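Quick notes on the structure that follows.
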Amino acid sequence: MIIDKVPGDIVETGVWRGGACIMARAVLDAYDIHDRRVMLADSFEGLPRPDTNRYPADAGSPFHEYRELAVSLEEVQRNFQKFGLLDDQVVFVKGWFKDTMPSFPSERIAVLRLDGDMYESTIDPLRHLFDKIPEGGWIIVDDYDVVPMCKTAVTDFLAGRGLTLRIATIDGSGVFFQKKA
């Protein structure tokens with residue numbers, strides 16, 4: 001992204017305590033980059049109840065019951081402050097993805113990190129943000145190999161677009177792939 005000069009912001013959908021975005025902001029700081037933002041999209045209330053009428057793949061998902069996944073916006077902001085990285089390059093987009101993704105406030109996205117843990121929370125960002133990623137941009141999907149709904153959402157999205165991309169494993173859980181022309 002930096003070396004290849006892929007334009008755009010760094011976006012994470014589903015941020016939990018903010019660690020990945022704190023690291024992304026630290027990288028921008030280390031490289032003295034001021035023309036990109038780190039954007040954190042989350043409900044800051046945990047995960048939504050499964051909408052099985054629209055997303056049958058989420059049937060039986062218990063994630064909305066896990067209160068430890070509900071980390072407040074204020075707590076995530078404090079985590080950035082601990083590292084001296086909370087500034088105007090950090091943007092918080094609060095709300096459910098079904099509401100925030102259609103009008104997401106970024107024109108271009110160099111890196112999109114998906115950590116939605118559900119089909120709905122993975123497919124909604126892909127549907128609304130994928131076209132904002134330029135050629136050479138990166139998509140990272142956390143929990144792809146451990147939460148079947150995430151993998152299904154990515155597979156369905158790519159198949160619906162007629163895309164066959166090389167998906168590489170990160171750590172036995174997450175994957176990444178690059179957007180090609």
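The values are calculated or read from the model by the stated rules, or taken from the named source; none is laboratory data. On a predicted model such as this, the values are computed, not experimentally measured, just so you know. Counting neighbours? That spans all protein chains shown, and the Cβs are built from the backbone with ideal geometry, glycine included. Accessible surface is based on the protein model in full, side chains and every heavy atom, while ligands, DNA and RNA are left aside. Shrake-Rupley method; radii C 1.70, N 1.55, O 1.52, S 1.80 Å.
When GLU135, GLU107 are checked against the criterion of being of a type in the set (Asp, Glu), under 30 Å from HIS34 (Cβ atoms), surrounded by fewer than 20 Cβ atoms within 10 Å (Cβ to Cβ) and touching a helix residue (DSSP H, G or I) at 6+ places or on another chain (Cβ under 8 Å), a single residue qualifies: GLU107. Condition test on TYR66, is it more than 23 Å from LEU28 (Cβ to Cβ), open to solvent by 20 Å² or more (accessible area, probe 1.4 Å) and modelled with pLDDT of 95 or more? So TYR66 does not fit the description; no. Being open to solvent by less than 30 Å² (accessible area, probe 1.4 Å), in contact with a Leu (Cβ under 8 Å, 6 or more places away or on another chain) and more than 21 Å from SER61 (Cβ to Cβ) is a property that LEU112 has. Whenever a residue of region 163-180 is among the hydrophobic types (A, V, I, L, M, F, W, C), its partners that are exposed (fewer than 12 other Cβ atoms within 10 Å of the Cβ) and part of a strand (DSSP E or B), lying with C-beta atoms within less than 8 angstrom and at least six residues away or across chains, give the pairs VAL175/ALA168; VAL175/THR169; PHE176/ALA168; PHE177/ALA168.
On the stretch given as region 24-55, residues that are outside any loop (DSSP other than H, G, I, E, B) and exposed (fewer than 13 other Cβ atoms within 10 Å of the Cβ) total 1.
Screening region 112-137 for residues that are among the hydrophobic types (A, V, I, L, M, F, W, C) and free of Cβ contacts under 8 Å to residues at least 60 places away in the same chain and picking the one that is nearest to ARG54 (Cα to Cα) gives LEU126. Here TRP16 meets each of (1) free of Cβ contacts under 8 Å to residues at least 40 places away in the same chain; (2) under 22 Å from ARG78 (Cβ atoms); (3) aromatic (Phe, Trp, Tyr) with one exception, condition (1).
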